[in-house]
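J.: One structure coming up, written as structure tokens, with questions to follow.
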Amino acid sequence: MKKYLITDPQHYSQDLELFKKRLSYALDLHQPEFMLYRDKENPYSDLLCKVFVDLGKEYKNIKSFLHSDVKMAHALGADGVHIIYKDKNVIAEAKELGLEVIVSTHSHEEVVDIAQLGADYVTYSPIFATPNKGEPKGVEDLRALLQKVSIKVFALGGIVSDKELESLQNCSVYGFASIRYFYQ
């Protein structure tokens, strides 16, 4: 099962050196195949994005994604961009620039729609209970979704320990995404 680390300024800091130190530690410890820089509120995120992408290039088996900003992802040489469902109109632009695309989804209908638009992956959430994210979908709903689509799906939401990963082992999900699992 592929691992997708998602940063959060609350855990990784907005200080450049501390950010790099904490992210390097998490990458070395967990060895994810994918990582996402996500900080919706930091006015200095351009610098952190550069540090993030540059650090990702030091690791040979990790794909780096930036949240929402297709042009910056392309300019910095990130592997891709992660967008929210309502921004699905930028999928074609991102693909034309050679970027891989991950889209956040929350229903079977959204996943089917995104698959038809040519995205490479989706996150589907919340699978488990997560603060402020609504009712969890559960593993059975995830299994039902995976029967309908061929797009690569990352389970997201409430994955904080190996207990949740064990629940996902037999459902053929492509991978899992998390903030809290990787920041331990």
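The values are calculated or read from the model by the stated rules, or taken from the named source; none is laboratory data. Everything quoted here is computed from the prediction, not taken from an experiment. Neighbour counts are summed over all protein chains in view; Cβ atoms, including those assigned to glycine, are modelled from backbone coordinates with ideal geometry.
J.: Is it the case that segment 101-112 has a residue that's outside any loop (DSSP other than H, G, I, E, B) and under 26 Å from L29 (Cβ atoms)?
T.: yes
J.: Can you tell me how many residues in segment 40-67 are touching an Asp or Glu at 6+ places or on another chain (Cβ under 7 Å) and either farther than 19 Å from R22 by Cα or surrounded by fewer than 16 Cβ atoms within 10 Å (Cβ to Cβ) (or both)?
T.: Of the residues in segment 40-67, 1 are touching an Asp or Glu at 6+ places or on another chain (Cβ under 7 Å) and either farther than 19 Å from R22 by Cα or surrounded by fewer than 16 Cβ atoms within 10 Å (Cβ to Cβ) (or both).
J.: What number of residues within segment 1-43 are outside any helix (DSSP H, G or I) and either hydrophobic (A, V, I, L, M, F, W, C) or without any contact (Cβ under 8 Å) to a residue 60 or more places away in the chain (or both)?
T.: Of the residues in segment 1-43, 17 are outside any helix (DSSP H, G or I) and either hydrophobic (A, V, I, L, M, F, W, C) or without any contact (Cβ under 8 Å) to a residue 60 or more places away in the chain (or both).
J.: What do you reckon, is K71 touching a Gly at 6+ places or on another chain (Cβ under 7 Å), of a type in the set (D, E, K, R) and under 29 Å from D113 (Cα atoms)?
T.: no
J.: Mind listing whichever residues of segment 157-174 are crowded, with 20+ Cβ neighbours inside 10 Å and in contact (Cβ under 8 Å) with a residue 60 or more places away in the chain?
T.: The one that is crowded, with 20+ Cβ neighbours inside 10 Å and in contact (Cβ under 8 Å) with a residue 60 or more places away in the chain: V173.
J.: Could you please tell me which pairs satisfy a Cβ distance under 7 Å, a separation of 6+ or placement on different chains, a first residue in segment 81-109 that is acidic (D, E), and a second residue that is modelled with pLDDT under 95?
T.: What qualifies is D87/S68.
J.: Select the strands (runs of 3 or more DSSP E) contained entirely in segment 120-184, then report the ones holding at least 3 residues which are among the small types (G, A, S).
T.: 175-178
Per-residue answers, yes or no, for (1) surrounded by fewer than 23 Cβ atoms within 10 Å (Cβ to Cβ); (2) basic (K, R); (3) under 14 Å from the mean Cα position of the chain (by Cα):
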| position | (1), (2), (3) |
| --- | --- |
| D79 | yes, no, yes |
| I91 | yes, no, no |
| G98 | yes, no, no |
| I102 | no, no, yes |
| P126 | yes, no, yes |
| V139 | yes, no, no |
| Q147 | yes, no, no |
| V153 | no, no, yes |
